[in-house]
Every structure is written in C-alpha cells, then in structure tokens.
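The numbers here are math on the coordinates, done by the rules we state, and not lab data. From a predicted model like this one, the values you see are computed outputs, not experimental measurements. All Cβ positions, even for glycine, are placed from backbone atoms using ideal geometry, and neighbour counts span all protein chains on display.
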Amino acid sequence: RAKDDQRGSWAFYTAGMEGAPAALLHDEHLLRQALVQQSFVLHYQPQVEVASGRLCGFEALVRWQHPERGLVGPADFIPLAESRGLIAAIDHWVLREACCQASAWHAAGLPRVPVAVNLSAIEFRQRDVAQDIAQVLRECRLSPRYLEVEITESALMLDAGQARATLSRLQALGVSVAIDDFGTGYSSLAYLKRYPLDKIKVDRSFVMDTPGDSDDVAIVTAVVQLARSLQLRSVAEGVETEAQLQLLRRLGCDLAQGYGISRPLTAAQAEAWMRERSR
Ligand code: C2E
Ligand code: MG
Ligand code: MG
Ligand code: MG
C-alpha cells in the first residue's frame with residue numbers, strides 16, 4: 001500500500017490514477033471540504049515505559065475519511081495540506097480533538113497520561129502557536145502537563161530565533177516538547193543544547209533493523225546515551241519485536257512505541273485498551 005512506503009504522496013497519486021495534476025486539484029478540493037465537514041479522525045498509539053511496560057501516554061495520529069478511498073493516512077495528505085496552506089487548520093483541529101479527548105478520558109477516571117500531537121514545521125513557525133495551544137487547553141480543560149507537542153528537526157531549522165521564543169513559551173506554559181524522527185532531518189546537535197526540549201524520539205528507521213544490524217544498534221545506543229546525558233527522555237518509535245524491546249531495555253531507553261506494543265487505536269479501542277490493562 002502507498003501508505004506503507006516512504007515515497008509519500010506521489011506513490012498515492014500514481015496508484016491507478018491518470019493525471020496527477022487533476023487528481024491533485026480534485027484532492028485539494030476534497031481536503032478543503034473535509035476541513036469544513038471535519039471529516040478527520042484521530043487514532044491513538046500508546047507509549048509505554050520500557051522498564052515496566054506502564055502506559056505513559058498516547059500519540060494522536062490523524063487520518064482523513066476520504067469520500068472515495070476510505071481512511072487515508074497522513075503521509076498521503078499532509079504534504080498536500082502543507083503546500084496548499086491547509087496544514088494550520090488541520091493541526092489546529094487535531095490539537096483540539098486530542099486535548100478534549102484526553103480531558104474526557106481523565107474525567108472518566110482513565111489513567112491520567114499525556115497526549116502527544118504532531119505539529120507541522122510550518123504550523124510551528126506561526127507566531128501565535130503557543131497562544132493558540134494555551135487557548136485550546138483552557139477550552140478543553142486540560143492541564144498543560146498532559147499535552148506534548150512533537151516537532152521535527154526542520155521546525156527548528158527555519159527560524160532559530162522564532163523557534164526559541166516559541167519553545168520558551170511552551171516551556172513556560174508547561175507543555176512538553178519532543179523532537180520527532182530524530183536523526184533523519186538536517187540534524188544539528190547544537191539545537192539540543194540551545195532549545196528547551198523534553199524528549200528525543202529515535203526514528204523508526206533506526207529501530208527497524210535492530211538488534212540484527214550492528215550499525216543501527218550503534219546509532220540507537222548513541223542517541224539513547226545522548227538523550228540521557230542531556231537529561232532528555234528517549235523514546236524509540238516503531239518497536240515491533242520483543243528482541244527490539246529487550247535491546248532498548250538493556251540500553252536504558254525510557255519509552256517505546258510501536259506495533260509490537262500496540263497499533264494506533266481508535267478512541268474507543270484506546271479506552272478499551274486502558275480498561276483492559278488496568279484490571
Ligand atoms: P510520526 O509522528 O513519526 O508517527 C509515527 C508513524 O509510524 C505513524 O504513522 C504510526 O502509525 C507509524 N508506526 C507506529 N508504530 C509503528 C511500527 O511498529 N511499525 C511501522 N511500520 N509503523 C509504525 P502515520 O500515522 O501514518 O503517521 C505518519 C506521519 O504523519 C507521522 O509520523 C507524523 O509525522 C505525521 N502526522 C501524523 N498525524 C499528524 C498531525 O496531526 N499533524 C501533522 N502535522 N502531522 C501528522
Ligand atoms: Mg510523531
Ligand atoms: Mg515519529
Ligand atoms: Mg516517524
């Protein structure tokens with residue numbers, strides 16, 4: 001499936017569609033419509049503490065309920081949304097939905113764990129993102145400590161001064177920040193020192209072939225150690241096997257997320273998952 005390879009939106013458009021430009025226009029139209037009709041849905045993927053297996057949070061992952069193709073993953077529409085100026089609206093919807101869901105879960109007596117949302121680098125650059133977040137937290141009655149934002153390295157690249165200001169405001173607010181897909185962007189170790197950050201998420205591409213691939217083991221080891229030395233928490237993403245989890249445990253990686261722990265779940269499934277585990 002197009003969703004599963006890394007070619008992104010182009011794989012999607014070449015999968016049996018005639019002209020990409022027409023398809024793009026059509027999809028842009030549908031995407032705008034989806035924003036009006038709010039035809040997005042969030043799936044929630046659990047994050048657990050490696051040492052204990054304890055639930056530590058959920059990452060909210062957006063899907064589009066496409067009128068013709070069913071549920072479409074973010075890799076197949078986020079790039080389009082970014083290029084058409086629609087990403088801010090989508091990320092805002094996601095933020096509100098995730099915060100209100102977490103708030104509802106807490107009110108229902110489910111584990112008080114944070115929810116993480118992905119912010120596009122473009123969205124992150126917006127001057128009022130921290131203010132926007134503060135407003136949503138108030139509206140959803142969620143304490144800032146239950147929200148985490150995930151940004152990629154590219155969000156920090158664009159405008160260092162702006163990024164620092166935004167991160168400081170988030171820190172002051174009490175919202176934590178994770179660097180997503182660490183090591184895959186235009187990495188600069190300088191920003192780990194320069195910016196107030198909380199977590200480093202080791203990209204799935206480095207975790208995937210562990211423990212068999214010794215180069216990947218070396219990379220994951222180094223990132224986990226780097227995080228620890230900087231007093232940041234490390235999260236391994238894309239953990240699929242028990243052997244990977246064992247390696248992470250040995251390395252002292254803090255948190256893990258992946259199909260081996262749980263696939264991303266609908267809100268109802270996530271709720272059932274929490275109830276099941278707390279028994
Ligand atoms: P990400 O933030 O790195 O999210 C992790 C992706 O890896 C998710 O794909 C998740 O379903 C997938 N995944 C998790 N565990 C495993 C595993 O064990 N094996 C494999 N093969 N895959 C795993 P998804 O949901 O398709 O999201 C892809 C990317 O789309 C995300 O990467 C994130 O960058 C972006 N994204 C998702 N939701 C949003 C959103 O609300 N706003 C923005 N701006 N971007 C989003
Ligand atoms: Mg993420
Ligand atoms: Mg990630
Ligand atoms: Mg990733």
Fill in the blank from the handout: The answer for the longest stretch of the chain without any exposed chymotrypsin sites (Phe, Trp or Tyr not before Pro) (DSSP loop, at most 15 further Cβ atoms within 10 Å) is 1-185
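Can you pull the Kirkwood radius for the chain, inverse mean 1/r over Cα pairs, to one decimal in Å?
19.5 Å
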Handout entry: Hydrodynamic radius of the stretch 129-279 per Kirkwood, over alpha carbon pairs, in Å
Key = 16.7 Å
Problem - Segment Arg141-His26, extension gain: residue separation times 0.36 nm, minus the distance between their alpha carbons - result: 37.6 nm
Practice task
For the stretch 157-175 and the stretch 17-74, write down the distance between their C-alpha centroids in whole Å.
Solution key: 26 Å
